[in-house]
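The values are calculated or read from the model by the stated rules, or taken from the named source; none is laboratory data. None of these values were measured; they are calculated from a predicted model. Glycine gets a Cβ as well: all are built from the backbone with ideal geometry, and neighbour counts include every protein chain shown. For accessibility, only protein heavy atoms count, side chains too; no ligands or nucleic acids. Shrake-Rupley method; radii C 1.70, N 1.55, O 1.52, S 1.80 Å.
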Amino acid sequence: MSTEQHSGQQVPTSTPQEGAGQERQPIGITARTVLAVVAISMSIFQLYTGFFGELSGAKQLSIHLTFAMVLCFLLYPHSKKAPRHVIALVDILLAAIAGGASLYMFLNYEHVVYSVGNPATYDLLIGGLLIVLILEATRRSISPMLPIITIVFLIYAYIGPHIPGELAHRGFNVSRIIDHVFMSSEGLWGVPLRVSATFVFLFVLFGAFLEKMGAGDYLINLSFATMGRFRGGPAKAAVVASGAMGSISGSSIANTVTTGSMTIPLMKKVGFKPHAAGAVEVAASTNGQLMPPIMGAAAFIMAEMIGMPYFEIVKAAAIPALLSYTAIFSIVHLEAVKENIRGLKKEETPELIKTFITGLHYLIPLFVLIWLLLVWFWTPTTSATWSILAATLVIVGNNFFRSTVSYPRLQAKGEESLEAAYKEYVHHPDNFFIRRTLGEILTSLETGARNMAGIAAACACCGIIIGVITLTGLGMKMAMLISAAAGSNLFLSLLFSVLACIILGMGLPTTATYIIMAAMTAPAILTISQNLGAELPLIAIHLFVFYYGIVADDTPPVGLCAYAAAGISGSDPVRTGLKSFRLDLAAFTLPFMFIYNTKLLMIDTNLTELAYLVPMCILGMFCWAVFIQGFWLVRTKLFERLIFLGLAFILVNPSGLNIGQVHIPLHLANASGIAGMTLLFVWQRLRRKKASETYQTEPA
């Protein structure tokens, strides 16, 4: 049951999460043991509550935050220049203080509940200290931008009477702010941290198990086996692999680093320029957060904020994710044809059937998750917990098969395997099964908790922001401001929201961007749509905000994924970001398409209608790719590109076409779109034939 590695490229063993800072790698046995014990204990606690039920109230959140804060201060040094091979004494002290302050809610839950609005002095001191430590933990593990924004919100809550215009409020003293943020359930202990403490952690842990057991390597190898030999094969493999990895990791940076370490060098090898190779990986990896069933922490928070089952989020995101990857895949294909980039040679790609069959067991946990989540409609927490159990059983079965059948057979035949596990078996065959199995399980538990530490800190920071918004009524004030600025124009309100999402998202991870924008701009869009009688579905509005929070990851000049990819490809980060921005333009237009045509979110439609609409939309995305790339069979002229742009909007339009006061029915609009594509295809073939004849008749 083992899958051989078919490439010398090694996938990183640790998957960084969005916005993650550089972790310490202590060399001392005591420090490593302490970190491992804390991280594994956190994962065991989360699994226990996943199986047997969450703790009541904020108790679950308190223990979750305690572990996360301790890990943040032990894992992340105070600056980039600080040594990373040891844990500083001051960080150990801060970890202990932060852990104690976080645990205060669990130890004094009843007292805190009954003291809301009338806190004791020591409540305020502990609450204020915890808020400061959360800001510092977030600065270390994510980026300085989120704590700075949080501080701005806290200052806003304090100086309310001195702010001019509509954003003014009566103002609150420090005690009232701490009371609301720390003591109540509308601030620090609100939705973001609750989601982090339940199913987000379990899904991140599930991804760590899949990565450690070899599922990531398997999906990448399978992508190369299926796509590697086509034109621009490594780039197409990157798109497929990033989509597959995105469906289990839910982090764009993790996706970029994991798949990019293998795909980017091979893209460069077949002829892609370094910045183009990095850009393809960035565009594909960014869109991985759109790919069900795991869509990143923000998607789970969305389900909680709008009170909708996670299955409905997954269902609504399915078609937009398919269309987004169709556009990227088409753009990559046209780039390869335009630049005459070859695929990999047969001997450079894994054998498809062998690769597929020998790694099927890696898909068992993913199949269990999808079945429980989308067929039996179990909760995300329960589905993830039992899927982790399935992954554990696969690890046990896989290592038993290795130790008793696979590796002894290879050794008897004198054959080799590129798997690290085989080399370990050859050098230390005694107790290989127990040693390897325990190692993979414990490392998965540790990696999952380490990956979650920064996410938990960011969610706590977002909880503070949400607390300020609910305390001051800023959400409604922003809704009124946007409504007034847009003049009750839905398109303008959407455009203002897009600009805010992208500006905010340049320095923040997707989760933080979504939470802030969902609290401040989503109500404005909903209000304007209701005033105009449009009644946009709440899920469409939140997905709109969610998408633009994601694409900000590769928006220059601060696209975090572009910097990660540029480090692998050896290219300029800004140039890589600009190229990925161009490749990812489909994700910029799709939200406008589904906000005006909610059938793309499977709302108010049926399977028969979808069987017709989806192929039309795929054709529309291909037209969009031709417009972006400026090439189909030959380079397109300006008027051709504009026609392809028009065809894209015609075909990705489930409600027909409106020109002035004239309404063209859906089928007629699609028929005209297909006819337009056919005429352009014939026209381009004639142009290519003429160009070929001209080239052949030219004198040597």
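General observations
- Scan of the range 398-422 for residues that are under 24 Å from LEU205 (Cα atoms), surrounded by 19 or more Cβ atoms within 10 Å (Cβ to Cβ) and of a type in the set (A, V, I, L, M, F, W, C), ordered by number: ALA421
- Counting only helices (runs of 4 or more DSSP H) wholly contained in the range 25-112, the ones carrying 3 or more residues that are within 30 Å of the chain's Cα centre (by Cα) and over 25 Å from GLY127 (Cα atoms) occupy 29-52.
- Residues of the range 519-538 satisfying the condition of being within 22 Å of ILE603 (Cα to Cα) and open to solvent by 10 Å² or more (accessible area, probe 1.4 Å): PRO523, LEU526, THR527, GLN530, ASN531, LEU532, GLY533, ALA534, GLU535, LEU536, PRO537, LEU538
- The range 433-445 residues that are farther than 11 Å from LEU210 by Cα and of a type in the set (Val, Ile, Thr), paired with ones that are assigned to a helix (DSSP H, G or I) and open to solvent by 60 Å² or more (accessible area, probe 1.4 Å) (beta carbon under 9 Å, 6 or more apart): THR437/PHE400; THR443/LYS212
- Here ALA254 clears all of (1) among the hydrophobic types (A, V, I, L, M, F, W, C); (2) within 25 Å of ALA420 (Cβ to Cβ); (3) more than 15 Å from the chain's Cα centre (by Cα); (4) open to solvent by less than 10 Å² (accessible area, probe 1.4 Å) except the condition numbered (3).
- For the range 574-590, the set of residues classified as buried (at least 23 other Cβ atoms within 10 Å of the Cβ) and either at pLDDT below 85 or closer than 15 Å to PHE544 by Cα (or both) consists of GLY577, LEU583, ASP584, ALA586, ALA587, LEU590, listed by residue number.
- Qualifying helices (runs of 4 or more DSSP H) (wholly inside the range 260-360; at least 2 residues being of a type in the set (A, V, I, L, M, F, W, C) and open to solvent by less than 10 Å² (accessible area, probe 1.4 Å)): 274-286, 297-306, 310-338
- So ILE664, is it within 27 Å of the chain's Cα centre (by Cα), of a type outside the set (Asp, Glu) and open to solvent by less than 70 Å² (accessible area, probe 1.4 Å): no
- Scope the range 153-171; condition β-branched (Val, Ile, Thr) and in a helix (DSSP H, G or I); matching residues: ILE155
- Lone qualifier among SER79, SER62, SER43 - being hydroxyl-bearing (Ser, Thr, Tyr), buried (at least 20 other Cβ atoms within 10 Å of the Cβ) and more than 17 Å from TRP189 (Cβ to Cβ): SER43
- Selection from the range 361-381 of residues that are more than 17 Å from MET308 (Cα to Cα) and either open to solvent by 50 Å² or more (accessible area, probe 1.4 Å) or modelled with pLDDT under 85 (or both): LEU363, ILE364, PHE367, ILE370, TRP371
- Flag for ALA390 being among the hydrophobic types (A, V, I, L, M, F, W, C), in contact (Cβ under 8 Å) with a residue 24 or more places away in the chain, open to solvent by less than 10 Å² (accessible area, probe 1.4 Å) and over 29 Å from PRO265 (Cβ atoms): no
- Taking the range 628-647 as the range and being more than 27 Å from the chain's Cα centre (by Cα) and either of a type in the set (Val, Ile, Thr) or assigned to a helix (DSSP H, G or I) (or both) as the test, the residues that pass are VAL634, THR636, LEU638, PHE639, GLU640, ARG641, LEU642, ILE643, PHE644, LEU645, GLY646, LEU647.
- All of ALA88, ALA137 fail the test of being under 16 Å from VAL70 (Cβ atoms) and either without any contact (Cβ under 8 Å) to a residue 40 or more places away in the chain or touching a Leu at 6+ places or on another chain (Cβ under 6 Å) (or both), apart from ALA88.
- Residue within the range 458-474 that is farther than 18 Å from LEU508 by Cα, in a helix (DSSP H, G or I) and free of Cβ contacts under 8 Å to residues at least 60 places away in the same chain present: no
- Filtered residues of the range 519-537 (kept if assigned to a helix (DSSP H, G or I) and under 21 Å from GLY463 (Cβ atoms)): ALA519, MET520, ALA522, PRO523
- Condition check for TYR425: of a type outside the set (S, T, N, Q), open to solvent by 20 Å² or more (accessible area, probe 1.4 Å), within 28 Å of PHE224 (Cβ to Cβ) and assigned to a helix (DSSP H, G or I): yes
- Pairing residues of the range 601-614 that are of a type in the set (S, T, N, Q) with residues that are in a helix (DSSP H, G or I), at Cβ distances under 6 Å and at least 6 apart in sequence or on separate chains, gives THR605/LYS599.
- As for the range 605-622, it holds at least one residue that is surrounded by 20 or more Cβ atoms within 10 Å (Cβ to Cβ) and under 23 Å from the mean Cα position of the chain (by Cα).
- Among the residues of the range 574-584, those that are within 17 Å of the chain's Cα centre (by Cα) and over 11 Å from GLY278 (Cβ atoms) comprise PHE581, ASP584.
- Restricting attention to the range 129-152, the residues that are open to solvent by 20 Å² or more (accessible area, probe 1.4 Å) and either in contact with a Phe, Trp or Tyr (Cβ under 9 Å, 6 or more places away or on another chain) or part of a helix (DSSP H, G or I) (or both) total 11.
- The residues in the range 21-41 that are in contact (Cβ under 8 Å) with a residue 24 or more places away in the chain and either among the hydroxyl-bearing types (Ser, Thr, Tyr) or in contact with an Asp or Glu (Cβ under 6 Å, 6 or more places away or on another chain) (or both) can be counted, and the count is 4.
- Listed by first and then second residue, the pairs with beta-carbon distance under 7 Å, at least 6 apart or on different chains, first residue in the range 164-176 and free of Cβ contacts under 8 Å to residues at least 24 places away in the same chain, second open to solvent by 30 Å² or more (accessible area, probe 1.4 Å), are ALA168/PRO161; ARG170/PRO161; GLY171/TYR158; GLY171/ILE159; GLY171/PRO161.
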